[in-house]
Amino acid sequence: MFDFLEGYDLLAAFWVTVKLTVFSAIGSLIWGTLLAAMRVSPVPVMRAFGTAYVNIVRNTPLTIVIVFASLGLYQTLGISLLGGTLDDINFQLAVLALAAYTASFVCEALRSGINTVPVGQAEAARALGLNFRQVLTLVVLPQAFRAVVAPLANVLIALTKNTTVAAAIGVAEAATLMKDMIENESDAIFLVFSVFAFGFVVLTLPTGLLLGWLSKRVAVKR
Amino acid sequence: MKFRRTAAAAAAVLSLSLTATACGSGDDDKIKIGIKFDQPGLGLKTPDGKYQGFDVDVAKYVAKELGYDEKDIEWKQAPSAERENMLSRGDVKLIVATYSITPERKEKVSFAGPYLLAHQDLLIRADDNSIKDVKDINSKKLCSVTGSTSAQNVKKDFAPDAELQRYNQYSQCLTGLENKNLDALTTDDSILAGYAAQDKHKGKFKLAGLQLSDENYGIGIKKGDKDLQTKINKALQKMIDEGAWDKAVKDNFGPANYKNEPAPQITEKG
């Protein structure tokens, strides 16, 4: 029944998916945190930039963001990031695009977390003489992160599935392999779909369970 | 009173539309043909809703020989991965969509024809003279469509060391090719000729002429329909004998300097 899988390296393809997810998750967490800091900062220009970025990027279809990274940045402008072979460049561009896109969702999740921290805490920290950066990094963000583990888990799961869009620029991840298989094994289309659907369940279900458990553990009980 | 007038009007509209459908449809009057909607030169749906290309011309000719007027043809989009299913489900009667005859496909569908012999080839910049032989490809950056047989052939067969960029559409490859970040776009020469012949690309690209594979395009039909196969083969032969085939080739591929093969011998019989 599963003999159509012969000759395809399913694990290698899903490994690329995992790498895409991990690198993009790290990138989006860093950039998303910075964006959240901008959105709550006392500087109007930064607030405006954060708001504009989040509203523009999260409302742009991911396919457009990723295809733009490849066709616009690399093919037209010649920006190849860290360089290397075409495969490396495409991978880096996909990580850049996925991180840039996901960061807007991380930012909004984090901002909702910041809103759960009572204003009195920030006021007390200010009264102690801490500056904005210290208030944010020492008092507000640690509590905010603990409140938004579950929403961030949802963002991470969405990101895992969104990596399939990287097939649009030929990154050799799961969806790219699926397209090869559909072309060659068109009589087993439903089985091919099922195998890849199962692969993503295997990737995302443990993430959800683990982070769900973690979110209960670390939540700040108020 | 007002209600009755509305009801009468509704009844009139209803009966009119019923009679309209009654004389308009009937599956036997129409023929459903699967083509590509996105391949210039072969099968293209233009923004104003017309269909043009070599596949379309062949399909029209064959349909005419089968007794269908041009207005009786219902064009259906046939994406590569869907072609076998569309035929076996009966969604379309014919598929004329750059459908290469291969032993694997013949296990699931039958073919008539072939009506065109194409070869996998490279589209390169018009001023590029560095690709003369298959061996030259290994050091190049190629581009093709994700999932396509051409893309898979590159990796498996003739240029395992070449770098391969894959996009969703061939047209996306042209940007990088023009800007010299890619060296060649590879797929069947008939498809490439269609892109090179488009007005917006005229003079920028040329075919390398390498003949990397033989692709015999056939007309896909339901498996085992011998009667239809014979009829289509006869129509194709007539099209070739009459000179309509040559004209269709010239009309659709002419501007690209595409050196087409002569009309292929019809081999798919029973």
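The numbers here are math on the coordinates, done by the rules we state, and not lab data. Because the structure is predicted, anything quoted here is derived from the model rather than measured. All Cβ positions, glycine included, derive from the backbone under ideal geometry; neighbour counts span all protein chains shown.
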Checklist entry - According to a simple spin-label model (label point 7 Å from Cα along Cα-to-Cβ), what is the distance in nm between residue B:104 and residue A:150? => result 4.7 nm
Checklist outcome for this item: If N is the residue count of segment A:105-222, its Cα Rg over 2.2 N^0.38 Å rounds to 1.55
Item to check | Long-range Cα-Cα pairs in segment B:110-181 (distance over 16 Å), rounded percent | outcome: 54 percent
Next on the checklist: Residues of segment A:151-166 with the amide nitrogen closer than 13 Å to a label point 7 Å from the Cα of residue A:219, along Cα-to-Cβ, please.
Outcome noted: A:151
Checklist entry - What is the fewest-to-most order of B:201, B:119 by other Cβ atoms lying within 10 Å of their Cβ? => result B:119, B:201
Checklist entry - Calculated FRET efficiency, residue B:88 and residue A:131, Cβ-Cβ r, R0 60 Å, to nearest 0.05? => result 0.25
Next on the checklist: Just to be sure I understand the model, the point goes 7 Å from the Cα along the line to the Cβ. What's the resulting residue B:127 to residue A:10 distance in nm?
Outcome noted: 5.0 nm
Next on the checklist: Within 10 Å of each Cβ in B:136-146, how many Cβ atoms from other chains are there, averaged over the peptide?
Outcome noted: 2
Checklist entry - Across peptide A:88-94, how many C-beta atoms of other chains are within 10 Å of each residue C-beta, on average? => result 1
Checklist entry - Taking the Cα atoms of the protein assembly as shown alone, what are Rg (to one decimal) and Dmax (as a whole number) in Å? => result 28.6, 95
Checklist entry - Can you give the helix-only mean residue ellipticity at 222 nm for chain A, where every DSSP H stretch with n ≥ 4 adds -39500 (n - 2.57) and the sum goes over all residues, rounded to the nearest 500 deg cm²/dmol? => result -23500 deg cm²/dmol
Next on the checklist: Highest mean first, how do B:203-211, A:29-37, A:203-211, B:52-60 rank when packing is the count of other Cβ atoms within 10 Å averaged over residues?
Outcome noted: B:52-60, A:29-37, B:203-211, A:203-211
